[in-house]
Amino acid sequence: MSYTILKHLHMTTAYLTITLFALRLLLDAVGRPGWRQTPLRFIPHINDTILLVAAISLLFVAGYASAMPGWLIAKIVLLVGYIVAGVFALKVTLGKPVRISAAVLALIMVSAIFHLAMAKPF
């Protein structure tokens, strides 16, 4: 698969990831936890799997597999933080203040990931 196709697949699934996360946060915020019994429960996981496969493929196609630049390492660290914060944000057994804080933190981290992807500052 070509670099351009992989890059567009990666970008599309990244945008879809944040859209689905924000949608689930919004549904929880307005008191509609029923989304957990719909395909919205598992569709983000399928999308995120495609996102991860595209990202790993890009590492090899772009030649970053052997020596990753700093911005890419920072994206990976932020991604792990985003996943952890996202889990806390969507966990119904936690209190509202914890969930809101985790949601804000997750959104900040994903914003930083998008910035690093576009700017590649270091």
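Against the definition (at pLDDT 95 or above, farther than 27 Å from Ile100 by Cα and of a type outside the set (Val, Ile, Thr)), how does Leu9 come out, yes or no?
Spelling it out, Leu9 is indeed at pLDDT 95 or above, farther than 27 Å from Ile100 by Cα and of a type outside the set (Val, Ile, Thr).
If the requirement is being farther than 19 Å from Leu6 by Cα, at pLDDT 95 or above and within 18 Å of the chain's Cα centre (by Cα), which of these qualifies: Ile50, Ile46, Ile83?
Ile83 is the lone residue from the list that is farther than 19 Å from Leu6 by Cα, at pLDDT 95 or above and within 18 Å of the chain's Cα centre (by Cα).
Could you please give the count of residues in the stretch 1-10 that are surrounded by fewer than 18 Cβ atoms within 10 Å (Cβ to Cβ) and either among the polar types (S, T, N, Q) or touching a residue at least 24 places away in the same chain (Cβ under 8 Å) (or both)?
Total satisfying the criteria: 5.
Considering the stretch 95-111 alone, what residues qualify as being surrounded by fewer than 16 Cβ atoms within 10 Å (Cβ to Cβ) and either touching a residue at least 12 places away in the same chain (Cβ under 8 Å) or in a helix (DSSP H, G or I) (or both)?
Just the residues of the stretch 95-111 that are surrounded by fewer than 16 Cβ atoms within 10 Å (Cβ to Cβ), to begin with: 95-98, 100-101, 104, 108, 111.
Within the stretch 95-111, Lys96, Pro97, Val98, Ile100, Ser101, Val104, Ile108, Ser111 meet the criteria.
Name the one entry in Ser57, Ser66 that is among the hydroxyl-bearing types (Ser, Thr, Tyr) and assigned to a helix (DSSP H, G or I).
Exactly one residue qualifies, and that residue is Ser57.
Filtering the stretch 79-89 down to residues that are among the aliphatic types (A, V, I, L, M) and surrounded by fewer than 19 Cβ atoms within 10 Å (Cβ to Cβ), which residue is nearest to His10 (Cα to Cα)?
Result: Leu79.
Criterion first (farther than 16 Å from Leu20 by Cβ and either at pLDDT below 95 or assigned by TED's automatic domain parsing to the domain that holds Met1 (or both)) does Phe122 satisfy it?
Criteria met by Phe122.
Quick test of your reading of the structure: Val92 fulfils all but one of (1) of a type in the set (Val, Ile, Thr); (2) buried (at least 17 other Cβ atoms within 10 Å of the Cβ); (3) not in a helix (DSSP H, G or I). Name the failing condition by number.
(2)
Scan the stretch 18-34 residue by residue and report those that are outside any loop (DSSP other than H, G, I, E, B) and closer than 15 Å to Arg99 by Cβ.
Going through the stretch 18-34, the residues outside any loop (DSSP other than H, G, I, E, B) turn out to be 18-29, 33-34.
Phe21, Ala22, Arg24, Leu25, Leu26, Leu27, Asp28, Ala29, Pro33 - these are the residues of the stretch 18-34 that are outside any loop (DSSP other than H, G, I, E, B) and closer than 15 Å to Arg99 by Cβ.
The values are calculated or read from the model by the stated rules, or taken from the named source; none is laboratory data. Worth saying up front: this structure is predicted, and the values here are computed from it rather than measured. As a convention, Cβ positions derive from the backbone with ideal geometry for all residues, glycine included, and neighbour counts pool all protein chains shown.
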